[in-house]
Amino acid sequence: METANNRRNARGPPPEKRGSGMMPTITDIEDPSALYSLDSCQKIVQEVGVPPRRAWQGGYQPDDSDTGIGACGWILTLLSWIIVLATMPFSFFVCFKVVQEYERAVIFRLGRLLHGGSKGPGIFFILPCIETYSKVDLRTSVFDVPPQEVLTKDSVTVSVDAVVYYRVNNATVSVANVENAHHSTRLLAQTTLRNMLGTKALHEILGDRESISNDMQEVLDDATENWGIKVERVEIKDVRLPVQLQRAMAAEAEAAREARAKVIAAEGEQKASRSLKDAADVLSLQPSAIQLRYLQTLSTISAEKNSTIIFPLPIDIIQHFLQDFDTDGN
């Protein structure tokens, strides 16, 4: 014990822990049993001096104290400038790059993203050997979502495909925050389509395509915002039903149409019988009205130019003969 105390006294007092970057040990804590408490952990983090991190457009970026390239980086940058100046004007063919109006260039120097965001459109300058760049197309892209087998809310299996229109909204974020923004957006669109249609019934999918497309567009837009992607439009192209279900729905629709046709025919017969009854009542008021009806019927038949000959026989004559026959028989 005396030897250990002598060694500790020989080293002198411990340095200030705050800002020194040294991790405090268990012997520096008065109560070692409180090492794993929340307060003690927060105290250790504060004493160690962990550099704070701040959110940056969906990713994370270290603070200004951690953004330097270091002495080695500055040496490499100086050597790169020396090479550029020594090989002028041939180095201009390598250092000057051009991007189109619809493109942006994201530049990395020694693996770090340059400040200022993306470059372009037009001409920009890069240092050979230490800088690399990636071109990002800002035009609207479109892709077809492959047909997805979806089980609806009412336990019907349907195959649904869609089309998605999107564009890169932030070139820097699309390169720095996600490995492949386009492929990730495609996979997310497939899963979102299955998840959303799984909560809908079959009649909702067939009748409310526009509302489903709008909801899917909002969900995709919120999810891809941290990737620098803007989803502009989503459209459901086709909904394929099983063959047995198509036959059943067709038979149901045909039966419903036949039932409506029979009801309409019965209503027409009812209205026609009522009209005939009213016509008979009108004709019974005048005996000569039936003769006029006969003449009108003959006029209609003769206008058709057919070979049928109709000879009307007045009922009064037949009635007279019938009366004579009854008298002779009696």
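Within the accessible area of the range 170-246, what % is carbon and sulfur when the probe is 1.4 Å and the other protein chains stay in place? Ligands and nucleic acids excluded, carbon and sulfur reach 43 percent. Mind jotting down the distance between the C-alpha centroids of the range 120-172 and the range 230-302, whole Å? Comparing the Cα centres of the range 230-302 and the range 120-172, I get a distance of 55 Å.
Ordered by packing density, taken as the mean number of other Cβ atoms within 10 Å over each peptide's residues, highest first, how do 89-95, 136-142 rank?
Working: 89-95: 11.9, 136-142: 15.1.
In decreasing order of mean packing, 89-95, 136-142 become 136-142, 89-95.
Estimated from the Cβ-Cβ distance and a Förster radius of 30 angstrom, the FRET efficiency linking D215 and Q246 is about 0.65.
Protein heavy-atom accessible surface, 1.4 Å probe, per residue over the range 95-174: 50 Å².
Can you give the FRET efficiency to the nearest 0.05 for V98 and V239, using r as the Cβ-Cβ distance and R₀ = 56 Å? Please list the in-between numbers first.
On the way: r = 46 Å, r/R0 = 0.83.
After rounding, the FRET efficiency stands at 0.75.
Using a probe of 1.4 Å, the accessible surface attributed to Y294 totals some 80 Å² when neighbouring protein chains are kept in position.
Given a 1.4 Å probe, how much area per residue of the range 212-281 is accessible, in Å²? If you can, show how the numbers build up before the last one.
Numbers: 4950 Å² over 70 residues.
On a per-residue basis, the range 212-281 sits at 71 Å².
Suppose the chain between Q190 and E254 were pulled fully straight at 0.36 nm per residue; how much longer would it get relative to their current alpha carbon spacing?
Values: separation 64, 0.36 × 64 = 23.04 nm, distance 3.57 nm.
Roughly 19.5 nm would be gained on extension.
Surface calculation, 1.4 Å probe, protein heavy atoms: F125 sits at approximately 70 Å² accessible. Extension gain, S275 to F108: 0.36 nm times the residue separation minus the Cα-Cα distance gives 51.0 nm. Surface calculation, 1.4 Å probe, protein heavy atoms: K262 sits at approximately 150 Å² accessible.
The values are calculated or read from the model by the stated rules, or taken from the named source; none is laboratory data. Every value quoted in this text rests on a predicted model; they were computed, and no experiment measured them. Counting neighbours? That spans all protein chains shown, and the Cβs are built from the backbone with ideal geometry, glycine included. To get the accessible areas, we keep the full protein, side chains included, count just its heavy atoms, and leave off ligands, DNA and RNA. Shrake-Rupley method; radii C 1.70, N 1.55, O 1.52, S 1.80 Å.
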